[in-house]
């Protein structure tokens with residue numbers, strides 16, 4: 001269950017990140033909306049990076065345990 005939740009969180013964050021990138025081309029630069037979009041872009045990049053590292057470490061640990069068996 002925990003792996004599915006982590007995977008879904010990563011996918012959801014990736015979808016939101018792609019939508020945020022699309023918003024960067026729509027909003028007018030220098031407005032409050034553009035600053036909020038840039039902050040959202042940064043936070044989502046950080047979120048997906050952390051979740052991606054967690055998934056990578058978990059998969060490496062599971063692979064290492066399978067090799068030992």
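A few comments on the model shown:
- Full extension of the chain segment joining residue 58 with residue 24 gains 8.9 nm, where the gain is 0.36 nm per residue of separation less the Cα-Cα distance.
- C-alpha long axis of helix 2-26 to longest principal axis of the chain, angle in °: 20
- Modelled FRET efficiency - R0 30 Å, residue 9 with residue 31, Cβ distances, 0.05 increments: 0.50
Only the coordinates and a few stated rules stand behind these numbers; no lab work does. In this text, all values refer to a predicted model and were calculated from it rather than measured experimentally. Note that each Cβ is placed from the backbone with ideal geometry, even for glycine, and that neighbours are counted across all protein chains shown.
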